[in-house]
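Colleague: Got a structure for you, written out below as structure tokens; questions coming shortly.
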Amino acid sequence: MAMEINVSEMRRVRLFEVMGRVDSTNATELGSTLDKAADDGNNNLVLDLSGVEYMSSAGLREMVRILKRVKRNGGDLRIANPSERVKEVLELAGLDSIFEIYPTQVEAVGSF
């Protein structure tokens, strides 16, 4: 399954629901989608990763890059409901201490 991203505009947050596989062939697409939100002045971002079955290091790099970018502008990139596989990858990479991770989309969005 290819990657699919649904974007929702909320009051204080831009929500990205990512589904499928995030790998070296499409990680830059994820990055540019998130960059576009930051370009528009949206620095409070939530990534719902419940539908992601595979996350490569290229996908993790894009997430870290955007996190640094929005934090410079006073925002944050928070993760909602990562699938078990993604949670494992985040822990193995030591990124579970860098990202704020929430069990549900509602909690992640409400945390801003």
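Colleague: Express in nm, to one decimal, how much length is gained between Phe112 and Arg85 on full extension, taking 0.36 nm for each residue of separation and deducting their alpha carbon distance.
Modeller: Fully extending the segment from Phe112 to Arg85 adds 7.1 nm.
Colleague: Suppose a student asked you for the relative contact order of segment 29-112, using Cα pairs under 8 Å spaced at least 6 residues apart; what percent would you report?
Modeller: Taking the mean separation of contacting Cα pairs over the length of segment 29-112, I get 34 percent.
Colleague: Could you list the square roots of 5 times each eigenvalue of the Cα gyration tensor of the chain, that is, the equivalent ellipsoid semi-axes, sorted largest first and rounded to whole Å?
Modeller: Rounded to whole Å, the semi-axes are 19, 15, 14.
Colleague: In Å², and per residue, what accessible area does the chain have when probed at 1.4 Å with the other protein chains present?
Modeller: 51 Å²
Colleague: Can you list residues whose amide H is under 5 Å from Tyr54's amide H, if they're 5+ apart or on another chain and H is modeled 1.01 Å from N?
Modeller: Hits under the 5 Å cutoff: Val22.
Colleague: What is the angle, in °, between the Cα long axis of helix 57-72 and the longest principal axis of the Cα atoms in the chain? Nearest 10 is fine, range 0 to 90.
Modeller: 10 degrees
Colleague: Figure the gain on full extension for Asp96 and Arg61 (residue separation times 0.36 nm, minus the Cα-Cα span) and round it to one decimal in nm.
Modeller: Full extension from Asp96 to Arg61 adds 11.2 nm.
Colleague: Contact order normalised by length for segment 8-73, with contacts defined as Cα pairs under 8 Å and 6 or more residues apart; what percent is it?
Modeller: 46 percent
Colleague: Taking H as built 1.01 Å from N, whose amide H comes closer than 5 Å to the amide H of Asp76, not counting residues under 5 places away?
Modeller: Answer set, sorted by chain and number: Asn44, Leu45.
Colleague: Ser8 to Asn73: extension gain in nm, 0.36 nm per residue of separation minus the Cα-Cα distance?
Modeller: 21.3 nm
The values are calculated or read from the model by the stated rules, or taken from the named source; none is laboratory data. Bear in mind that the values here come from a model prediction, so they are computed numbers and not experimental data. Calculation scope for accessible area: heavy atoms of the full protein, side chains included, ligands and nucleic acids excluded. Shrake-Rupley method; radii C 1.70, N 1.55, O 1.52, S 1.80 Å.
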